Amino acid sequence: MMSDTNPLSLPERRAFLMASASVGGGLLLTMALPVLSRQPAPAPALAATTFSPNAFIRIDAQGTVSLIMAMVEMGQGIYTALSMLIAEELEIDLDQVRLEPAPPGKAFINSIIHEQITADSSSIRAFAQIMREAGATARTMLVAAAAAKWRVDVASCKAEHGVVVHTSSGRKLGYGALASSAALLPVPAKVSLKSPGEFKLIGKPAKRLDTPDKVNGKALYGIDVVVPGMKVAAVAICPVLGGTVAGYDEAKARAINGVHQVVKLDNAIAVIADHTGAAKKGVAALDPRWNVGPNGNIDSAEVLRQLQEALKKPGVSARNDADVDSVLAGAAQRLEATYEQPFVAHAPMEPMNCTVHVRKDRCDVWLGSQAPARAQAVAAKLTGLPLEAVTVHGYYLGGGFGRKSEIDYVTQAVQIAMQVDAPVKLIWTREQDTRHDYLRPYYLDHIAAGLDAQGHPVAWTHRIAGSSFMARIYPTMITNGFDPDAIDGAANLAYALPKMRVEFVRQEPGAVLTTWWRSIGPGRNAFVVESFMDELAAAAKRDPVEYRTALLGNSPRLLAVLKLAADKAGWGKPLPAGQGRGIAVQAAFESFIAQVAEVEVAPDGTIKVHRVVCAVDCGLTINPDTVEAQIQSGVIYGLSAALYGSISLKDGRVEQGNFDTFRVVRMDEAPAIEVHLVKSAEASGGVGELGTPCIMPAVANAIFAATGKRIRKLPMRV
Amino acid sequence: MPFTLNINGTDHAVDVDGDTPLLWVLRDVLHMTGTKFGCGAALCGACTVHIDGGPRRSCVTPVASVGKSAITTIESIGRSAAGERLQKAWLTLEVVQCGYCQSGQIMSAAALLAKIPRPSDDDIDAAMSGNICRCGTYGRIRAAIHRAAGASEGA
């Protein structure tokens, strides 16, 4: 297997050709395009002079420090954070490193999810310690190599800025000069790490390493891959899941200029062409017919009806306190409500795409994927090639949000490429991206609580009905139907609730598949739990902040962010008529967040979110500016779902397609967002999804404050 | 059909149907991949280029409609003073997350500054609301446009 060094930016040569190619240069471009590597793959012969003590660091004789990125960069800033963690212990400067996406490999398995996958806001939690140890290991060996060369005690040497210095004599050797001798040393089993007081990089704002090439068009995403001899593919896909191709007009498609071939799959037809313009014209000419199959009868009303039926059945309990029913029945005041959250698409800006070249003895896959090892495995399975004959070339992701952990589009690209005698780049249209998404599940929740005479909750029951994508993806993690994600943020509440029952009833919709959607279980449970908590406060005639405060005595970190957010937002200060403030809190991904939304509801029902104040405790921050950016990002992502996000089904088909029907928040609707970070030395928690859950209930609660209307269904309508 | 396109100051010969969107000529024929595909229907702005200085969605611009007009893409926007200031402001304020939409954002912002050197928030809303960012970088984009505009005043 070739371990190609994938550059993540346009190679200088291609940039040069692009800048200089003039009339008549098209042929030159096509022929001269080099492989995408900025430099050739390191041959095994080079290994003797290259120092590579672990899977994450490679230092060559020239002193080039390559860091291999275990997790993928999809906007969350992980490349910079992982680099900071390694560089901190390796004693190098961030401008000294070059980055490579990791190939599929055991060393890159995310210990939280037990798979090589970037998801669940887990990258820092899974890899912070490993990165620091990797850096410290390399530094220890480089220092030992220098000490041996100088015949001095290692304790008399120190490493800084990529150089080992003998302190008393001032002698210096760069890491490049030490690489070959360090490579011969045994890898120490244990290394010592810095104490937080010694940090030079961790916790201080660092400029992101991936962004300079993202403002000039040089950064390469999966969709930007150019392979010599490559063709492009556009597809017609059966609009109903499980349906098959019944017929199509191949001749009409082949008559289009630039079209080379038409390829049939079970559920799709691909048109292979020189460029996407021609391929799309070819697809438009296909006139495909489909056998839609049984899912063609399913629509949204049927999905809802099934969920309503499911909600009547007892589920698998995550928590079931013995006398919860009797306490609830005997409570001074009882409240109950049903909450509804529809299917939502992910809609990353970069639509699904994958480039594949299948040859007799090998297969190359070029893409941006949250799960590169899954891509490798499916390509091997489909082609019948051994795993090591499949090379996955990783690129930047133009957004992922969970969608790019699935490999349906990789499967399709490999199936197409198996029938084409050239590399093929498959790109879905925006409409296909929406209509063939693995959606955020449709959920229906029934929640009830009993309050005592003082308004304190004494019993709480919560039944959740919906799809279990965990059961599809990780069947071994499901015991007796218990889905740990479905109840995350529902059963493990920070509030002191004496008697609880939380249960899950699995109900699959049939006509669509579901998967992780940014903020997963905590994201959907926050809307229900935090909205209902507001209902309880209102029923108890108490202020929502004060009411939560009384219940958060056991969670000082959550209580602290609640107070901080309320304080920074000016909680309690009067707002103009028609405006209201709402608050929500959540502990998720081993972090803590509180958000206050200031919302105006116009007489025509238009909801305008003016300001969102966030208080965050995510433990030790690696790059504080990235934490702030991720919270801002999560707020906008969640707000899109709160205000507009809904996928509906008719005749088994997703009704929405492009951004006109699947609406998202735009510049003129984006609130001002403040993020206040709590300084903490606790273990780092996740932040990539942390901003998303609370914005939905915070806005709903603000609407209640402004209008008295309780929102129990998404997207919000007043 | 053969066309000669003037892109970033250089003529390029291509041979495609006249109704081929400019986006795919840039990306698939000329391999200038900085201009992105997001929606194919002028709904997201990821494919924004300048044609004779004005912002245009290349995904719905037939190549035959371009004629001899000057096309500017993200690859050369840094050659203009405003483009360079915007790129700098984008990095200073760390606007970028996944970055996929940012070529289009910067092209729309550069066209805005060419027309209105000191845009108000309303001007920014009007010029930038056609550009979707799913990472939600809107607040930082707004700040970066103001910053780049402010820098122009001092220059």
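Observations on the model:
- Screening the range A:497-573 for helices (runs of 4 or more DSSP H) wholly inside it with 3 or more residues that are open to solvent by 60 Å² or more (accessible area, probe 1.4 Å) and modelled with pLDDT of 95 or more returns the ranges A:556-569.
- B:E94 meets the conditions (1) open to solvent by 30 Å² or more (accessible area, probe 1.4 Å); (2) of a type outside the set (V, I, T); (3) in contact (Cβ under 8 Å) with a residue 24 or more places away in the chain; (4) at the interface with another protein chain (Cβ under 9 Å from one of its Cβ atoms) in every case but one. The failed one is (1).
- Restricting attention to the range A:115-163, the residues that are over 16 Å from A:M84 (Cβ atoms), among the hydrophobic types (A, V, I, L, M, F, W, C) and open to solvent by 30 Å² or more (accessible area, probe 1.4 Å) total 7.
- Of the helices (runs of 4 or more DSSP H) that lie entirely inside the range A:260-342, those containing 1 or more residues that are more than 29 Å from B:G40 (Cα to Cα) span A:300-310, A:324-329.
- Qualifying positions in the range A:204-230 - hydroxyl-bearing (S, T, Y) and either surrounded by 22 or more Cβ atoms within 10 Å (Cβ to Cβ) or touching a strand residue (DSSP E or B) at 6+ places or on another chain (Cβ under 7 Å) (or both): A:Y221
- Here B:D11 does not fit the description of being facing chain A (nearest Cβ under 9 Å), within 16 Å of A:K280 (Cβ to Cβ) and free of Cβ contacts under 8 Å to residues at least 60 places away in the same chain.
- Positions within the range A:646-661 being within 20 Å of A:I298 (Cα to Cα) and within 21 Å of the chain's Cα centre (by Cα), in sequence order: A:S646, A:I647
- Extreme residue, nearest to A:M230 (Cα to Cα), among residues of the range B:32-64 that are of a type outside the set (A, V, I, L, M, F, W, C) and open to solvent by 20 Å² or more (accessible area, probe 1.4 Å): B:G40
- Among the residues listed as B:G99, B:G130, B:G78, the single one being buried (at least 23 other Cβ atoms within 10 Å of the Cβ) and either of a type in the set (F, W, Y) or within 11 Å of another protein chain (Cβ to nearest Cβ) (or both): B:G99
- Only one entry in A:F659, A:F704 is assigned to a helix (DSSP H, G or I) and of a type in the set (F, W, Y), namely A:F704.
- Strands (runs of 3 or more DSSP E) contained in the range B:1-103 and holding at least 2 residues touching a strand residue (DSSP E or B) at 6+ places or on another chain (Cβ under 7 Å) and under 30 Å from A:K207 (Cα atoms): B:48-51
- Qualifying residue in the range A:682-695 (condition: more than 10 Å from chain B (Cβ to nearest Cβ), part of a helix (DSSP H, G or I), touching a residue at least 40 places away in the same chain (Cβ under 8 Å) and crowded, with 24+ Cβ neighbours inside 10 Å): yes
- Of all residues making up the range B:17-34, the number that are more than 7 Å from every other protein chain (Cβ to nearest Cβ) and among the small types (G, A, S): 1
- Set A:D668, A:D625: member being facing chain B (nearest Cβ under 8 Å), at negative phi, of a type outside the set (K, R) and out of contact with any Gly (no Cβ under 9 Å at 6 or more places or on another chain): A:D668
The values are calculated or read from the model by the stated rules, or taken from the named source; none is laboratory data. Since we're looking at a predicted model, the values are computed, not measured. FYI the Cβ positions are ideal-geometry reconstructions off the backbone, even for glycines, and counts take in every protein chain you see. Heads up: the accessible areas ignore ligands, DNA and RNA and are worked out on the full protein's heavy atoms, side chains in. Shrake-Rupley method; radii C 1.70, N 1.55, O 1.52, S 1.80 Å.
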